[in-house]
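Visitor: My structure is below; once you've seen it, I'll send some questions.
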2 protein chains.
Amino acid sequence: MWKPDRSAPMPLYRQIVEHIERGITYAQLPPGSVLPSERKLAEQLGVNRSTVVQAYEELRASGLVESTVGSGTRVSLTKWGVSPLHTPNWRLYTEGGTFLPNLPFMRRIREVTRYDASIINMASGELSSDLFPNRIVSRILREESFDEHLGYDDPQGYLPLRQALVNKLLQDQNLITSETSMLITSGSQQSLYLITQCLLSPGDAVAIEDPSYTYSLPMFQSAGLRIFRLPVHADGIDPEDIITLYKNHRIRMVFLNPNYQNPTGTTLSDVKKKRVLAIAADLRIPIVEDDPFSLTDFRGSIPTSLKSLDKDGIVLYIGSLSKTAASGLRIGWLVAPQSVVDRLSDARQQMDFGLSIIAQWTAERLLASEEFDKHIKELRQSLQQKQLLMLEALTHTLQDRISFVPPVGGLNVWCKINHAIDDGKLLEEAIKRGVVFVPGSVYGSEPGHVRLSYAKPRPEEIAIGISAFAEALERS
Amino acid sequence: MWKPDRSAPMPLYRQIVEHIERGITYAQLPPGSVLPSERKLAEQLGVNRSTVVQAYEELRASGLVESTVGSGTRVSLTKWGVSPLHTPNWRLYTEGGTFLPNLPFMRRIREVTRYDASIINMASGELSSDLFPNRIVSRILREESFDEHLGYDDPQGYLPLRQALVNKLLQDQNLITSETSMLITSGSQQSLYLITQCLLSPGDAVAIEDPSYTYSLPMFQSAGLRIFRLPVHADGIDPEDIITLYKNHRIRMVFLNPNYQNPTGTTLSDVKKKRVLAIAADLRIPIVEDDPFSLTDFRGSIPTSLKSLDKDGIVLYIGSLSKTAASGLRIGWLVAPQSVVDRLSDARQQMDFGLSIIAQWTAERLLASEEFDKHIKELRQSLQQKQLLMLEALTHTLQDRISFVPPVGGLNVWCKINHAIDDGKLLEEAIKRGVVFVPGSVYGSEPGHVRLSYAKPRPEEIAIGISAFAEALERS
Ligand SMILES: Cc1ncc(COP(=O)(O)O)c(C=O)c1O
Ligand SMILES: Cc1ncc(COP(=O)(O)O)c(C=O)c1O
């Protein structure tokens, strides 16, 4: 990201003018392009808003950009005041396509955290850097000599990685599978994407938990799916609700995150899990089990997966290294009947031709290393400690203004706010005070919740973050 | 991939029976699953067909599988002869979705090359292993200590990699851009996918070259696009044809591979390139420039890119490391107006949350290393030599039965067969003789061509491969 150089003799506003002029000259900002608002650009560049105002004024004076009330500042269509209209109407293109943009709240959060490293981030569903296995990864790269084939890989993913995962799943989770039933994906996200794109058709009805992470994914709407909700209670969904949704809407698939559900933290009991499977078997509808958190269990007792109980080939199981090692590895896996794996890997070839062998090789070495289990143990302890810090701060500052049930795993505390609030206002007030979280409406239909993550902030930031959040709550 | 163990005391057919029983028991092959044909499974496992026949007979005898003429062998719906129907009808799911499967020829080629390493591969568009920069990559991993943030990356991709590419593009191709106008993608493939998914809508008309690589991508049909063709002549497309297609079909985008076009090897002259841009400016339609081969120019004189001539922000430029370094790195880039980059990176977050940082870091180090330019020089020489071997063999064995124009870059020779042939028959005859190529019909509408790639076979395989191909041609 370009930033003005504060030590240069040229005034900041002039540097901004020249930067934008360059963008226009090299067609990075073709005629008609929308420039960021003054507030937003100032935020991005880390300068005063008045500096941006001055830069935009100079650009307007030269005729390069135009401002109109309502539609903001744009690069002039008649560039340099002479040339006729020669550029595709990019706006028309970028507003087309079957792909819906991300939710405004998620975009806002990304924007703020992208340009301001000092903000306390209780919105992100990722681990803090000190919890990543950086030391192990550097050691692997340094010491274990990479000598893999650098060509297009097997469409299902790097075979040794699939084998390592087959072993891990058996060992840790009593989940029996084989490398032919596994597809390596770019995190859970790509598994979900492939399923929604390749196994379902526009107009199909599916059931998802409410609230749920899935609900936050415009991917489901982009695929044209009709979404029906399974309310999540203190002990998770009620399996019988699946029957009702099937009767009323002929749902064709059920998406569940049974262990340390995001965002509520609930875990389905084994009794409920078996009932879910029995119902799905009766109705003959597949269950997608998104299971990124089970290894985070604070006590080290990994909850049962639906897949390990599945004897009929009903469950599509999704795992990921994102929440237990590092999200930047982009390594996830899908365990499914072989015909499903074949179909999805064939489609994935068309999207991106598979994952980088270097990332997959690193993941395989990581899983195979003796240090990995130790890493998981330490991770559990750190997460538990950070959760404790958050619970203490919440109890201390917010007492009976919120309520929550602390989960014994996962990365989040799901808080109910005990008075009516305006999600958007609360978020902006929090941002002003240097903290972000995810408004509950992102995940579901019931108003008045927030998701506070303890995984990303540093321990010493947690109490400060909660205080700032409490103040924001006061104001909204 | 599981294979029977030839040194074990248990007979091979029995091992296959038990392997399939395990698959059924653990629901990897749920009831109703289709098993591979006897021929195909024998090919995959590297055993005689009779061994598979015996295994299937035993499975049928136990009631676990059923065979019917026409629909092949399947896992019984009434598993173990007792349990009722409990499994989703996976066939219905895998045949649904908006995603079309890969072309049958491409699937057949993949299948054959996947299980038979001895086949001479003149079908693959990738380099042979000895041309990959394995030595440099191992050195980088070993010596340059990895210490990057392992969290979710910037949606546009790893900043230092974008910066390195901005420098390279300027240096090598006189293409001026900036890191804010660039998106790192999983090869060219993902750039194309993002463009077809996010900037175009079902029903939109687009123009592509005929023949072209693009034509081989079911991705275009999956996105619901209507495809219109620009015939490729000895000197590439005729720019005026764009006007005709616009008038007749209101095409909304043009896809071109102007340098060492795949499969024909043609390069557009600068005069034609300028005319293409002038026409696109007039009609206000974007050009997608897919440019993976320009660095392979045998003489080291890199052809002009459309993007470097583009002053109006018309061109979406796509590059890749696949054809000049290694396809298994899965690193490509898109250079585009910022609003387009924003839109595509937002959508990509929903598909896969971006690329692995480890792969991107390695690519950045590779581009920055002093050895990279030397690698490219050696690559050019090797490709030229291999092409020469192929041309000699073709002239020697096939003389006037085929005709071709050898390109001075790229990876392929596009051959016209001087008599009527049946694509499918020719391919099967070639496979029987241990060689694969891509039938021309995969790339376009004009019959009677084949694409022979010299990049993947080893030098000593080329003459043998061409002889085998000549024999196959004799028989079809
Ligand atoms: C329940 C759940 N599934 C999937 C994901 C996607 O993660 P990744 O693609 O990094 O594995 C997340 C991330 O927040 C998640 O919480
Ligand atoms: C013209 C062209 N574009 C794109 C690709 C896709 O390659 P990658 O995604 O590996 O960059 C290929 C590969 O054959 C190609 O020939």
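Visitor: Inside the range B:246-273, can you point out the residues that are crowded, with 21+ Cβ neighbours inside 10 Å, part of a loop (DSSP other than H, G, I, E, B) and among the hydroxyl-bearing types (S, T, Y)?
Guide: B:Y260, B:T264, B:T266, B:T267
Visitor: Looking at the range B:274-304, which of its residues are open to solvent by less than 10 Å² (accessible area, probe 1.4 Å) and more than 27 Å from B:V450 (Cα to Cα)?
Guide: Correct list: B:V276, B:I279, B:A280, B:A281, B:I285, B:P286, B:I287.
Visitor: Something else about it: Restricting attention to the range A:331-360, which residues are open to solvent by 10 Å² or more (accessible area, probe 1.4 Å) and away from ligand 2 (no atom under 16 Å from the Cβ)?
Guide: A:W333, A:Q338, A:S339, A:D342, A:R343
Visitor: I'd like to verify a number: residues in the range A:296-316 that are within 12 Å of chain B (Cβ to nearest Cβ) and either in contact (Cβ under 8 Å) with a residue 12 or more places away in the chain or within 16 Å of ligand 2 (Cβ to nearest atom) (or both), how many?
Guide: The qualifying residues number 10.
Visitor: Just to be sure I understand, how many residues within the range A:108-117 are surrounded by 20 or more Cβ atoms within 10 Å (Cβ to Cβ) and out of contact with any strand residue (DSSP E or B) (no Cβ under 8 Å at 6 or more places or on another chain)?
Guide: 0
Visitor: Additional query: Only residues that are of a type outside the set (S, T, Y), part of a loop (DSSP other than H, G, I, E, B) and under 20 Å from A:S129 (Cβ atoms): list them for the range A:447-469, please.
Guide: The answer is A:A455, A:K456, A:P457, A:R458.
Visitor: For the range A:252-282, how many residues meet the condition of being over 24 Å from A:C415 (Cα atoms) and either modelled with pLDDT under 95 or within 16 Å of ligand 1 (Cβ to nearest atom) (or both)?
Guide: 4
Visitor: Considering only the range A:317-325, I want to know if a residue exists there that is over 20 Å from the mean Cα position of the chain (by Cα) and either free of Cβ contacts under 8 Å to residues at least 40 places away in the same chain or assigned to a loop (DSSP other than H, G, I, E, B) (or both).
Guide: Within the range A:317-325 (the criterion being over 20 Å from the mean Cα position of the chain (by Cα) and either free of Cβ contacts under 8 Å to residues at least 40 places away in the same chain or assigned to a loop (DSSP other than H, G, I, E, B) (or both)), the answer is no, since none of the residues qualifies.
Visitor: A follow-up question, please. Return the only residue of A:L388, A:L379, A:L411, A:L383 being outside the structural domain of A:T266 (by TED's automatic domain parsing) and away from ligand 1 (no atom under 16 Å from the Cβ).
Guide: After applying the criteria, what remains is A:L388.
Visitor: State whether one or more residues within the range B:180-188 are of a type outside the set (S, T, Y), crowded, with 24+ Cβ neighbours inside 10 Å and within 9 Å of chain A (Cβ to nearest Cβ).
Guide: Among the residues of the range B:180-188, at least one is of a type outside the set (S, T, Y), crowded, with 24+ Cβ neighbours inside 10 Å and within 9 Å of chain A (Cβ to nearest Cβ), which makes the answer yes.
Visitor: Can you name the number of the only condition in (1) in contact with a Gly (Cβ under 9 Å, 6 or more places away or on another chain); (2) within 16 Å of ligand 2 (Cβ to nearest atom); (3) at pLDDT 95 or above that A:D291 fails?
Guide: All conditions pass for A:D291, except number (2).
Visitor: Moving on to the next point. Could you grab me the full set of residues in the range B:136-152 that are open to solvent by less than 40 Å² (accessible area, probe 1.4 Å) and within 7 Å of another protein chain (Cβ to nearest Cβ)?
Guide: B:V137, B:S138, B:L141, B:F146, B:L150, B:G151
Visitor: Oh, and also: Here are A:L35, A:L45: which of them is closer than 27 Å to B:L194 by Cβ, in contact with a Lys or Arg (Cβ under 7 Å, 6 or more places away or on another chain) and surrounded by 15 or more Cβ atoms within 10 Å (Cβ to Cβ)?
Guide: After applying the criteria, what remains is A:L35.
Visitor: While we're here: Taking the stated definitions as given, is A:K307 of a type outside the set (F, W, Y) and part of a loop (DSSP other than H, G, I, E, B)?
Guide: For A:K307, the condition - of a type outside the set (F, W, Y) and part of a loop (DSSP other than H, G, I, E, B) - is not met.
Visitor: Can you find, within the range B:319-360, the residue that is farthest from ligand 1 (Cβ to nearest atom) among those that are of a type in the set (A, V, I, L, M), under 12 Å from B:I184 (Cβ atoms) and more than 8 Å from every other protein chain (Cβ to nearest Cβ)?
Guide: Checked the range B:319-360; the qualifying residue farthest from ligand 1 (Cβ to nearest atom) is B:V335.
Visitor: Residues in the range A:438-446: is at least one closer than 16 Å to A:R114 by Cα and not in a loop (DSSP other than H, G, I, E, B)?
Guide: There is at least one residue in the range A:438-446 that is closer than 16 Å to A:R114 by Cα and not in a loop (DSSP other than H, G, I, E, B).
Visitor: Given the conditions (1) more than 16 Å from ligand 1 (Cβ to nearest atom); (2) surrounded by fewer than 19 Cβ atoms within 10 Å (Cβ to Cβ), and given that A:L103 satisfies all but one, which numbered condition is not satisfied?
Guide: Status for A:L103: all satisfied but (1).
Visitor: Restricting to the range B:118-131, what's the tally of residues that are closer than 11 Å to B:L379 by Cα and either open to solvent by 10 Å² or more (accessible area, probe 1.4 Å) or within 16 Å of ligand 1 (Cβ to nearest atom) (or both)?
Guide: 2
Visitor: Restricting to the range A:82-123, count the residues that are over 27 Å from B:S201 (Cα atoms), in contact with a Ser or Thr (Cβ under 7 Å, 6 or more places away or on another chain) and either aliphatic (A, V, I, L, M) or at the interface with another protein chain (Cβ under 8 Å from one of its Cβ atoms) (or both).
Guide: Looking only at that region, the number is 3.
Visitor: For the range A:212-223, check the following and say yes or no: at least one residue is crowded, with 18+ Cβ neighbours inside 10 Å, at pLDDT 95 or above and either among the acidic types (D, E) or more than 27 Å from A:F404 (Cβ to Cβ) (or both).
Guide: Scanning the range A:212-223, I find no residue that is crowded, with 18+ Cβ neighbours inside 10 Å, at pLDDT 95 or above and either among the acidic types (D, E) or more than 27 Å from A:F404 (Cβ to Cβ) (or both), so the answer is no.
Visitor: Is there any pair with a first residue in the range A:35-53 that is under 21 Å from B:P337 (Cα atoms) and a second that is assigned to a loop (DSSP other than H, G, I, E, B) and open to solvent by 20 Å² or more (accessible area, probe 1.4 Å) whose Cβ atoms are under 6 Å apart and which are 6 or more apart or on different chains, and what are they?
Guide: So the pair list comes out as A:L45/A:K3.
Visitor: So A:G328 passes all but one of these: (1) open to solvent by 30 Å² or more (accessible area, probe 1.4 Å); (2) over 22 Å from A:V271 (Cβ atoms). Which condition number does it fail?
Guide: A:G328 satisfies all of (1) open to solvent by 30 Å² or more (accessible area, probe 1.4 Å); (2) over 22 Å from A:V271 (Cβ atoms) except (1).
Visitor: Here is a further query. Only one residue in A:A463, A:A472 is aliphatic (A, V, I, L, M), in contact with a Lys or Arg (Cβ under 8 Å, 6 or more places away or on another chain) and farther than 29 Å from A:I227 by Cβ, so which one is that?
Guide: Going through A:A463, A:A472 in turn, the sole match is A:A472.
Visitor: On to the next question. Given the residues A:L411, A:L334, which is the only one that is in contact with a strand residue (DSSP E or B) (Cβ under 7 Å, 6 or more places away or on another chain) and under 30 Å from B:Y213 (Cβ atoms)?
Guide: Criteria check complete, one pass: A:L334.
Visitor: Here is a check on your reading of the model: is B:S191 within 16 Å of ligand 1 (Cβ to nearest atom), buried (at least 19 other Cβ atoms within 10 Å of the Cβ), assigned by TED's automatic domain parsing to the domain that holds B:I357 and under 23 Å from A:G151 (Cα atoms)?
Guide: no
Visitor: Right, here's the next one. Tell me, which helices (runs of 4 or more DSSP H) wholly within the range B:19-113 include 2 or more residues that are within 27 Å of the chain's Cα centre (by Cα)?
Guide: B:38-45, B:90-94
Visitor: Would you check which residues across the range A:237-284 are of a type in the set (D, E, K, R), away from every other protein chain (no Cβ under 14 Å) and out of contact with any Leu (no Cβ under 6 Å at 6 or more places or on another chain) and list them?
Guide: A:D238, A:E240, A:K247, A:D270, A:K272, A:R275
Visitor: Looking only at the range B:390-428, how many residues end up being part of a helix (DSSP H, G or I) and surrounded by 19 or more Cβ atoms within 10 Å (Cβ to Cβ)?
Guide: Result for the range B:390-428: 7.
The values are calculated or read from the model by the stated rules, or taken from the named source; none is laboratory data. Quick caveat: nothing in here was measured; it's all calculated off a predicted structure. Because the Cβ atoms are built from the backbone with ideal geometry, glycine has one as well, and the counts that use them run over all protein chains shown. These area figures cover heavy atoms from the full protein model, side chains too; ligands, DNA and RNA do not enter into them. Shrake-Rupley method; radii C 1.70, N 1.55, O 1.52, S 1.80 Å.
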